[in-house]
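Presented below is the structure to which this report refers.
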There are 2 protein chains.
Amino acid sequence: MKNIVKVERARMNLTQADLAEKVSVSRQTIIAIESAKYVPSAILVLKIAKVVGKPVEELFELEDGD
Amino acid sequence: MKNIVKVERARMNLTQADLAEKVSVSRQTIIAIESAKYVPSAILVLKIAKVVGKPVEELFELEDGD
DNA sequence: ACAAAATGTAAAGTTTGTTTTACATTTTAA
DNA sequence: TTAAAATGTAAAACAAACTTTACATTTTGT
């Protein structure tokens, strides 16, 4: 799975810490997600999508092998 | 978070085992999701949404306290 | 040029998602 | 009515998502 969270965060002019606070996770979690270090939970992607104002499918995309 | 996976599965006339196979997880995982026993990963909700043919946000809904 | 802010890396510990296995119960089909 | 199919429950084990803490590096703003 890949995502455009970093791009959207920049578009909204938010720091990682800002976004982390808005979705109630640690900054490290945002870093991990943006760098695809691990797969976030459904709750988290729904929250991020809500903050960004776009559907989950637009931010996160399945890849072969997922 | 709550979901309507069970309803959509019934609408498509799939068993839990059918859906489990389509999204490459165990049947127990489908049971756990339908009964909100635990929160699925982003990859899994994307896969289920794809099989069902509806956006993630339509199948899964954030609740207070999430 | 320099300090503050932002981002990045790492690690250890905790929590949770998922698996497998087994059996019980309910529902469905004939 | 009965057997097969589907669903449900439980538990143990494992992998991974997440946290906190700390420090390093890069970027930004003045």
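The values are calculated or read from the model by the stated rules, or taken from the named source; none is laboratory data. The model shown is predicted, which means the values in this text are computed figures rather than measured ones. Counting neighbours? That spans all protein chains shown, and the Cβs are built from the backbone with ideal geometry, glycine included. Just so you know, the surface numbers come from the protein's heavy atoms only, side chains and all, with ligands and any DNA or RNA stripped out. Shrake-Rupley method; radii C 1.70, N 1.55, O 1.52, S 1.80 Å.
Please go through the stretch A:1-17 and give me each residue that is within 13 Å of chain B (Cβ to nearest Cβ) and either in a helix (DSSP H, G or I) or among the small types (Gly, Ala, Ser) (or both), ordered by number. Show your work before the answer.
Taking the stretch A:1-17 as the starting set, the residues that turn out to be within 13 Å of chain B (Cβ to nearest Cβ) are A:1-3, A:5.
Matches in the stretch A:1-17: A:5 only.
If you go through the stretch A:1-17 and keep only what is among the basic types (Lys, Arg) and surrounded by fewer than 16 Cβ atoms within 10 Å (Cβ to Cβ), you end up with A:2, A:6, A:11. Only a single criterion out of (1) within 24 Å of residue B:49 (Cα to Cα); (2) buried (at least 16 other Cβ atoms within 10 Å of the Cβ); (3) within 8 Å of DNA strand D (Cβ to nearest atom) is not satisfied by residue A:59, namely (3). Does the stretch B:18-32 contain at least one residue that is at pLDDT 95 or above, at the interface with another protein chain (Cβ under 7 Å from one of its Cβ atoms), within 11 Å of DNA strand C (Cβ to nearest atom) and surrounded by 14 or more Cβ atoms within 10 Å (Cβ to Cβ)? No, because not a single residue in the stretch B:18-32 is at pLDDT 95 or above, at the interface with another protein chain (Cβ under 7 Å from one of its Cβ atoms), within 11 Å of DNA strand C (Cβ to nearest atom) and surrounded by 14 or more Cβ atoms within 10 Å (Cβ to Cβ).
Being open to solvent by less than 40 Å² (accessible area, probe 1.4 Å) and under 11 Å from residue A:5 (Cβ atoms) is the filter; apply it to the stretch A:33-50 and report the residue that is farthest from the other protein chains (Cβ to nearest Cβ). It would help to see each step written out before you state the result.
Residues of the stretch A:33-50 open to solvent by less than 40 Å² (accessible area, probe 1.4 Å): A:33-34, A:40, A:42-49.
Now restrict to residues that are under 11 Å from residue A:5 (Cβ atoms): A:33-34, A:40, A:44-45, A:48-49.
Working: A:33: 9, A:34: 13, A:40: 5, A:44: 7, A:45: 4, A:48: 10, A:49: 7 Å.
Only one residue tops the list, namely A:34.
Could you identify the single residue in A:40, A:55 that is at pLDDT 95 or above and within 12 Å of DNA strand C (Cβ to nearest atom)? Show your work before the answer.
Numbers: A:55 fails: within 12 Å of DNA strand C (Cβ to nearest atom).
So the residue among A:40, A:55 that is at pLDDT 95 or above and within 12 Å of DNA strand C (Cβ to nearest atom) is A:40.
Considering the stretch B:1-35 alone, what residues qualify as being closer than 19 Å to residue B:63 by Cα, within 11 Å of DNA strand D (Cβ to nearest atom) and touching a residue at least 12 places away in the same chain (Cβ under 8 Å)? Show your work before the answer.
Within the stretch B:1-35, the subset closer than 19 Å to residue B:63 by Cα is B:1-7, B:32-35.
With the extra rule that they be within 11 Å of DNA strand D (Cβ to nearest atom), the set shrinks to B:5-6, B:32-35.
Residues satisfying the conditions are B:5, B:6, B:33, B:34.
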